[in-house]
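What follows is a set of notes on a single structure, which appears directly below.
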Amino acid sequence: MQQLRRNTVSRAISYILVTVMLAPQSFFLMPAQAQTAGQNVPAVAVVPFQDGTGRAGTALMREATAAAALALEDSKEYVVISTTDLERELAALRLTPPLSTAEQARLGQRLHADKVLVGTLSSLAVDAKSGRARASLHLMLLDVGIGEYLDGANSSIETKTVPGFTGDVAAVTHEALRAAAEDAVGKMLSSTVRRGTVQLVDDQGTVNINLGTDDGLLVGSELLVMRPTWQPDVEQVIMRRIGIIRLTDIESDMAVARTVEGAAPSTGDRLYRIYKPVSAQQAVAREKKIKSGVQLVAAALLLLGLVAVATGPTTASGSNVKCGLVQRTPGDDPSVRLTISTNSTSKAKTHGWLIFRAMSAGFSCIAANLVEAIKATNLTSWDDEPFETRVVEDYEITFTYPEDDDETDGSVTVSYNDEALEEGTAYYYRVQRVIEPLTDPGYNPPAADTSQELTEPDIETDPDDSILSEPSNTGGPVTFFTSPILSTPANGSSSQPTDKVTFAWKPSEGANEYRVQVFGSDDASGVGTPLYQSTLVRDTGSTILSADIKDFEGTTTYWWRVGAHQSSDPIMPLSLLTGVRQWLYSSMRSFTTAETPPTEPDAVRTTNGAKGSGATTKSSGSGTIKVPSRHPSWWGSDRRKR
């Protein structure tokens, strides 16, 4: 053993073996940044997200933030700094979200993070009946060293209907947030633009760069100019901000830009794409096209001495729209269904649809009234579901169309707010189709002022407004209301009197006429013909309405509901279960009558006409309804004829 200790070769081999054995343990003891330094994986601090809905709550916002952090980790492109470290530094710096850009940069420096991710939950809604959920997230990634948002993305996800949904809202919410976070992170990674350099700056200040459309840039994209500078006091190279340039012309692998902020760049300066919503970039590109088109038109008018040229219609004719409430099963919240008719010629060149909603009949198809954009060639119906407010930013409908023996790209990019429907409010609807231009782009004046870059509701068209059809007619009014809430008798109640049962319910805000319907024990869903039906009950402004129905069979179970509608609406609500367009129904309730009390002798009852007569008179509300006598033949075909 002493010989082994003194032997130089043996000692060297021992050191090597010890190093090999301890290396894995040492790796796991290293901090995340040290582990990834060799792989050049940036560290990201995920700041608590902001609630753009105004009602999500702390727990949901924490879940949205965690979903984005997990999506970043799963991408293998980032290492996420722990929540414990983040909260410690927030407390040390005395910072409370939302943080300014400068505060985010300070936080990132304290955490030795390369990036800081901030996000907003724009919308979150769950349909309690089907389990469908919608979630929209907006992410922005701050580069700590640069001090600008260089990457970002918007995502709006709608999950599928959950078969046999039992009302577990938390589960579907979690799934929607996870899907929206993964989609947003995926979009952010796919749209990342590599760092560029300034190739040349001429005497006129025109900047040539080595980035183009292949790198995901567009006319109007803005790039941050940074210059590496040696700093003697710290003995290292730092990046100094020079200014911002904006692309004015672009090709596949190069572009031309002009300085819009700061000093003019120099050859060799580094370029970083500044993240901005797509609509802001396309507004600049469209403004340039419109400006060129206006100049061409002005030159033509001066040359020809013309004041106006009639070239025929520049847009396709509009579709026809009808709308009304629809309900899947009694008790369900209704939706407003638009039925859309379009001639076959117009359908052939349709690529998408814009749907508008307002509370007045004479409204215009502008961005403020937009509630949905759909990429589809043929749309015959659309349901306006009563979800919570949904915010959609920069949704794009793209297509190609033939022009001069070549394929040309067209697009419509929209941002809009789909606000929740309010009970008791009458709505009107219109649609526009996204179509192929009918005339050369650039020669049609815009239908509205498009010189401003809108940051709220917006509609951006490329090449111009000629790719939108004429608006449809105005469909409506349709009054949105929910089904009545039943009061008495209670569900499953027993020993109800046979001579008269009083049915009471809470009226719906927006409906003005009601009717009680009673079905037999074999028709719990109410798809057949009611055995009893009250006369029409009008809304009197009371908090509770009621109707009486008399003469029930003893010891019998019945099912009842209340139908409601707004008599002024041109189209009545449609029940998808029965196919009848008249009522919006409440949920179904059952009750059982008491045992029939002893009756008079048969001879007396025959004299009174209550037995053996062809019909029995049922009193109901302010009137009476005759129903057939219950002899065996009535349960056959005669029942349906009633």
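The values are calculated or read from the model by the stated rules, or taken from the named source; none is laboratory data. Values in this document were obtained by computation on a predicted structure and should not be read as measured data. Note that we place each Cβ from the backbone using ideal geometry, even for glycine, and neighbour counts take in every protein chain shown. For accessibility, only protein heavy atoms count, side chains too; no ligands or nucleic acids. Shrake-Rupley method; radii C 1.70, N 1.55, O 1.52, S 1.80 Å.
Greater than 27 Å separation of Cα atoms is the criterion. Which listed pairs, K276/K375; K322/K347; K276/K347; K322/K349, meet it? Show your work: numbers first, answer last.
Details: K276/K375 23 Å; K322/K347 18 Å; K276/K347 34 Å; K322/K349 22 Å.
From K276/K375; K322/K347; K276/K347; K322/K349, over 27 Å: K276/K347.
I'd like the Karplus ³J(HN,Hα) series for the stretch 196-209: coefficients 6.51, -1.76, 1.60, θ = phi - 60°, whole numbers in Hz, and an x wherever there's a Gly or Pro.
Once θ is set to phi - 60°, the couplings for the stretch 196-209 become x, 9, 7, 8, 7, 10, 8, 5, 8, x, 6, 10, 9, 10 Hz.
Hey, which aspartates and glutamates would be in cross-link range of K500, C-alpha to C-alpha under 13 Å, not counting anything within fewer than 8 residues on its own chain?
The reachable aspartates and glutamates, counting only those whose Cα sits under 13 Å from K500, are D548, D551, E553.
How large is ³J(HN,Hα), in whole Hz, for each residue of the stretch 360-375 in order, when computed from phi with the Karplus curve 6.51 cos²θ - 1.76 cosθ + 1.60 and θ = phi - 60°, using x for Gly and Pro?
Using θ = phi - 60°, the values come out as 9, 5, x, 7, 9, 7, 10, 4, 5, 9, 6, 10, 6, 10, 10, 8 Hz.
Give me the accessible area of E251, 1.4 Å probe, in Å² rounded to the nearest 10.
The value for E251 is about 110 Å².
By the scheme Lys and Arg +1, Asp and Glu -1, what is the net charge of all other residues having a beta-carbon under 11 Å from that of D394?
-2
Over the stretch 344-421, what is the relative contact order in percent, taking alpha-carbon pairs closer than 8 angstrom and at least six residues apart?
Answer for the stretch 344-421 is 31 percent.
Please list, ordered by chain and number, the residues whose modelled amide H lies under 5 Å from the amide H of E372; skip anything fewer than 5 residues away on the same chain.
HN-HN under 5 Å from E372: I355.
Enumerate the amide H contacts of V79 below 5 Å, restricted to partners 5 or more residues apart or on another chain; note that Pro and chain-start residues carry no placed amide H.
Amide H neighbours of V79: A43, V44.
Through the Karplus equation 6.51 cos²θ - 1.76 cosθ + 1.60, θ set to phi - 60°, convert the phi angles of the stretch 542-550 into ³J(HN,Hα) values in whole Hz; use x for Gly and Pro.
Whole-Hz 3J(HN,Hα) from phi for the stretch 542-550: 6, 6, 10, 10, 8, 8, 9, 10, 10.
If Lys and Arg each add +1 and Asp and Glu each add -1, what is the summed charge of the other residues whose beta carbon sits under 10 Å from the beta carbon of H565?
Values: positive: R515, R581; negative: E513, D569.
Neighbour charge sum, excluding H565 itself: 0.
5 Å is the cut-off here: which amide hydrogens, built 1.01 Å from N in the peptide plane, fall below it relative to T425, excluding neighbours closer than 5 in sequence?
F480
Net charge near Q109, counting Lys/Arg +1 and Asp/Glu -1 over other residues with Cβ under 14 Å of its Cβ?
Net charge in that neighbourhood comes out at -2.
Taking all protein chains as present, what is the carbon and sulfur share of the accessible area of the stretch 67-122, in % to the nearest whole number, probe 1.4 Å? Show your work: numbers first, answer last.
On the way: 1400 of 2910 Å².
Carbon plus sulfur share of accessible area: 48 percent.
Roughly how far apart, in whole Å, are the Cα centres of the stretch 204-271 and the stretch 338-416?
Taking the Cα centre of the stretch 338-416 as reference, the centre of the stretch 204-271 is 37 Å away.
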